[in-house]
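Let me begin by presenting the structure, written as structure tokens, before commenting on it.
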Amino acid sequence: MTLGEKIRQPAVAGTFYSGTEAALRKELQAIFSSFKERNAGGRVHGIIVPHAGYLYSGVTAAHAYGLLRGRTYDAIVIVGPSHREFFDKISIYPGDAFSTPLGTVPIQHELREELLRYSAEFIASAAGHRTEHSIEVQIPFLQTVLKNIPIVPIIIGNQSALLCTLLGNALAQIGKERNLLFVASSDLSHYHPYKEAVALDKHVLDSVEMFDPDLWISKFEAEDLEACGGGPIAAVMSASKQLGATKAEILHYCNSGDTSGDTSGVVGYLAAAFIQEQ
């Protein structure tokens, strides 16, 4: 990076994941070595991944990221919810790169500008990005399995059906002439007892597998689905389907009770992929 460029510095390094390069590489190596990676059997247009601390959801996320080894993309669009700021737009980070202990990842300026021209609902802003973790925790995984691919970091401030549908259509539009990967950052149910959480999350998993973006967004807006990133899932599901994905595949599910041992109030985690079968 050159002098004068605006780089988004990590906000949760040392808390959600290891804070030094050596420790983070070791952490990610241990995560990926804990299960057998497999091939997707087709083109991966989009993935759903959790965004909790790696101790809790890292293995689940890695099941999705492991599908990407050996693949290449023109850019990666990462869509997350806003946990700390509410606003009525879709915010794209206005800087030049995101930084983690593994280095910097450039932002794809051309795609950002295309989205800003697509609708006034898109804004170039730090709103939702300042201390947000939902995008940041994805980047070390991407730096591990996909080298030197630029990103487009997007936060949905208001996960309304209107904005989620708009975003899905916009992503499909910019992906028509490019090979893009869409990443939906979302955890599932929050702080229910273990068995209740598993039942709630099973409903989400079944709805993902149905691979019906319109049905998904209607259920999410009616609060029939519990997922903090239900909007990002809707947009990525929609864009992936419009660009040729033929199925949604569940890759891994767990909740925080499986790793912490505390089953009194857990958070659910899902890895899934939208695949165009060969």
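The values are calculated or read from the model by the stated rules, or taken from the named source; none is laboratory data. Because the structure is a prediction, the values reported are computed rather than measured. So basically every Cβ, Gly included, is an ideal-geometry build from the backbone, and we count neighbours across all protein chains shown.
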Take residue 131 and decide whether it is in a loop (DSSP other than H, G, I, E, B) and out of contact with any strand residue (DSSP E or B) (no Cβ under 9 Å at 6 or more places or on another chain).
-> yes
Output the strands (runs of 3 or more DSSP E) that fall wholly within region 142-259 and possess 1 or more residues being charged (D, E, K, R) and closer than 29 Å to residue 25 by Cβ, or say none.
-> 247-255
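Conditions tested, residue by residue: (1) modelled with pLDDT of 95 or more; (2) within 20 Å of residue 171 (Cβ to Cβ); (3) surrounded by fewer than 16 Cβ atoms within 10 Å (Cβ to Cβ).
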{"site": "218", "(1), (2), (3)": "yes, yes, yes"}
{"site": "234", "(1), (2), (3)": "yes, yes, no"}
{"site": "253", "(1), (2), (3)": "yes, no, no"}
{"site": "267", "(1), (2), (3)": "yes, no, no"}
Starting from region 37-66, keep only residues that are in contact (Cβ under 8 Å) with a residue 24 or more places away in the chain, then list their pairs with residues that are in a loop (DSSP other than H, G, I, E, B) and aromatic (Phe, Trp, Tyr) whose Cβ atoms are within a distance under 7 Å, requiring at least 6 positions of separation or different chains.
-> 53/16; 54/16; 59/35; 63/35
Of residues in region 196-216 being of a type in the set (Asp, Glu) and surrounded by fewer than 18 Cβ atoms within 10 Å (Cβ to Cβ), the one farthest from residue 276 (Cα to Cα) | 196
Just give me the residues in region 90-103 being under 18 Å from the mean Cα position of the chain (by Cα) and either surrounded by fewer than 23 Cβ atoms within 10 Å (Cβ to Cβ) or part of a strand (DSSP E or B) (or both), in sequence order.
-> 90, 91, 92, 97, 98, 99, 100
